[in-house]
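Since every read-out is calculated from the coordinates, none of them should be taken as a lab result. What you see is a predicted model, and the numbers here were worked out from it, not measured in a lab. Here Cβ is always computed from backbone atoms with ideal geometry, including for glycine, and neighbour counts include all displayed protein chains.
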C-alpha cells in the first residue's frame, strides 16, 4: 500500500469505525515515522478471532472497521514500536 505523505496522520472515521493515523508526523521538533502494515486473512470471522487473541495478549487495539464498502472487515493494533498493524479480510479494497 502507498499513502500520500501527510494525508494519513490523523485518525479517520469510516462506516462507524476508526482507521488510526499513521505516517509522517512531527512532535517537539522531532520527526516520527509510524509505519502501517497489513496482513490478510480469508474471512471476516478471522478478523474477530485475531482481535480476541490480540486483546488476550494485551496488545493495544487502535481501531477497527466492521463494514468496509466492499464488505471487508479490519482491526488495527499497535506493534511494540508504535507502528500500526492491520488484519484485514477480503473486501477492503477492489483488488482484494
- Message: Under 13 Å from a point placed 7 Å out from the Cα of residue 35 along the Cα-to-Cβ direction: which residues of segment 56-93 have their backbone N that close?
- Response: 79-86
- Length added when fully stretched, residue 60-residue 93, from 0.36 nm per residue minus Cα-Cα: 9.4 nm
